[in-house]
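Contents: one structure, followed by commentary.
What follows draws every value from the coordinates through simple rules; no lab data is involved. These numbers were taken from a predicted model, which means no experiment stands behind them. For neighbour counting, all protein chains shown are included, and Cβ atoms are generated from backbone atoms with ideal geometry for every residue, glycine included.
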Amino acid sequence: MEHIRCLIIGSGPAGYTAAIYASRANLNPVLYEGIQPGGQLTITDMVENFPSHPEPISGPELMDLMRQQVEKFGVEIRSRLCVASDLSAAPYKFTFDDESQVEADAVIIATGASAKFLGLSDEEKYRGMGVSACATCDGFFYRKKTVAVVGGGDTACGEATYLASLASKVYLIVRKPYLRATKILQERVMNNPKIEVLFETNTLGLYGDGGVEGAHLVYRKGEADERKYDLPIDGFFLAIGHKPNSDVFKPWIETDEIGYIKTEGATPKTNIPGVFAAGDVADPLYRQAIVAAASGCKAAMEAEKYLNEM
């Protein structure tokens, strides 16, 4: 079985940054980038809030630049997906989708979290052309425009309130007859003149020529007073939660009830010695590229310390 000193599972800002720092520390890291090289930023149209880029840069371009920097330091990048892990004892063992296996002394998990979607074909059709799962990332592009947010929990209410500071009108599409968010967030939404809550409403699809121009909605689906109608909008934001990509590690790694990997305080340390978590897979709160990159740096530094003390 191949032995790796420092294994990084996952790409994106966290994985790539961890690889850069680990390589500079002579840890000889090997990075497995998974099925979505570059992570969620590869489905983000434009990025304007990443330091060092005064002009907007596309998500894929930003991730490509990071990947080039990783390659510059000689890191081996492998395009395979981790499908099984054994963290019962060091060195830790991993199996990938081509049935290859490796063992590693130190491991950095940077597998990210995937935004939940409604499952509509139109979501994929208009992704990057009006469909987004990150208001903080893409809200700027909808200044003085009309947008809709799907969801009724804390995330949705927070996204709607944030977008209301930019857009001229925000519709909050809620399938239930009530909001699930905490009281203070509900009050912010209900008291904001720019936000209109559409209770008991489901999205059937989206429409537009070259981008989102509106949503096909249904009020009280399946009820006697069911009513279908079209709602003109410029942007469609999903805020129904994220799913951390941690399932393959769950038999060994402690996670919260949703699946986010638990770490020790402000460190990237997990409950397994020598195994560290970085990026969105361990971040239920911020989920920003710059935060993920910083956590990748911390994970590599902790991995270096751990390996030097072995």
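With respect to the conditions (1) surrounded by 20 or more Cβ atoms within 10 Å (Cβ to Cβ); (2) farther than 30 Å from C134 by Cα, T95 lacks only one, and its number is (1). Close contacts from region 158-180, counting a first residue that is β-branched (V, I, T) and a second that is in a helix (DSSP H, G or I), with Cβ to Cβ under 6 Å and a gap of 6+ residues or different chains, come to T161/R188; V170/A160; V170/L163; V170/A164.
Between R5, R24, R78, the distinction of being of a type in the set (K, R) and within 22 Å of the chain's Cα centre (by Cα) belongs to R78 only. Go through region 237-258 and give me each residue that's touching a residue at least 40 places away in the same chain (Cβ under 8 Å) and either in contact with a Leu (Cβ under 8 Å, 6 or more places away or on another chain) or part of a loop (DSSP other than H, G, I, E, B) (or both). Those that are touching a residue at least 40 places away in the same chain (Cβ under 8 Å) and either in contact with a Leu (Cβ under 8 Å, 6 or more places away or on another chain) or part of a loop (DSSP other than H, G, I, E, B) (or both): F237, L238, A239, I240, G241, N245, S246, F249, P251, W252, I253. The numbered conditions (1) surrounded by fewer than 21 Cβ atoms within 10 Å (Cβ to Cβ); (2) under 28 Å from I57 (Cβ atoms) are all true for K176 except (2).
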